[in-house]
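Engineer: Take a look at the following structure, please.
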């Protein structure tokens, strides 16, 4: 009696598709990897995504249709071949850019031509640099600024001493004295603190005396 060894050709499961591991890289036509692209087994809900380098790996059956898709590219189908030599298959799949041409759109700034014309005519146009400069140099404006401009410290001090000198002349006709001044009510106001001045002079004498001793 002849005995046949068991082999795939005589196996009852030979009609079933063999599972293989499909791996590969997805790229554009200019060889740029497509990260996070979709890899889907057509007719099923099973699929994977490529990594940041465009690499993917998924178990499939012989004869399955694999659909590769990526935003902005044409989807591509790949049929897993039959009778593979082993249970692994590697491919490099290229996808072409999907160019979309949109219809022409005319954008208007206003709902109607009449509204646009009205706004255009009544539009406020700001002054240019020359017009602003001429306005800033207007004589009336400059005179108004001069009349209402406050005094600084030097001007206030000069005005104060000028008022005191005028008061001295009115009260007694005394000339202006840099050391003594007459206040508005007739009081004598020393313009120099003689006590501090004397102490400062004594201090300078002591310093000079120490320098001579050295």
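The values are calculated or read from the model by the stated rules, or taken from the named source; none is laboratory data. Just so it is clear, the structure is predicted and the values come from calculations on it, not from any experiment. For neighbour counting, all protein chains shown are included, and Cβ atoms are generated from backbone atoms with ideal geometry for every residue, glycine included.
Engineer: Of these, 85, 166, 131, which one is assigned by TED's automatic domain parsing to the domain that holds residue 23 and either surrounded by fewer than 10 Cβ atoms within 10 Å (Cβ to Cβ) or assigned to a helix (DSSP H, G or I) (or both)?
Structural biologist: 85
Engineer: Kindly check whether there is at least one residue in region 60-82 that is surrounded by fewer than 15 Cβ atoms within 10 Å (Cβ to Cβ), in the same structural domain as residue 30 (by TED's automatic domain parsing) and under 11 Å from residue 23 (Cα atoms).
Structural biologist: No, because not a single residue in region 60-82 is surrounded by fewer than 15 Cβ atoms within 10 Å (Cβ to Cβ), in the same structural domain as residue 30 (by TED's automatic domain parsing) and under 11 Å from residue 23 (Cα atoms).
Engineer: Suppose we filter 131, 104, 115 for residues that are modelled with pLDDT of 85 or more and under 30 Å from residue 30 (Cα atoms); which single one remains?
Structural biologist: Values: 131 fails: under 30 Å from residue 30 (Cα atoms); 115 fails: under 30 Å from residue 30 (Cα atoms).
From the options 131, 104, 115, the qualifying one is 104.
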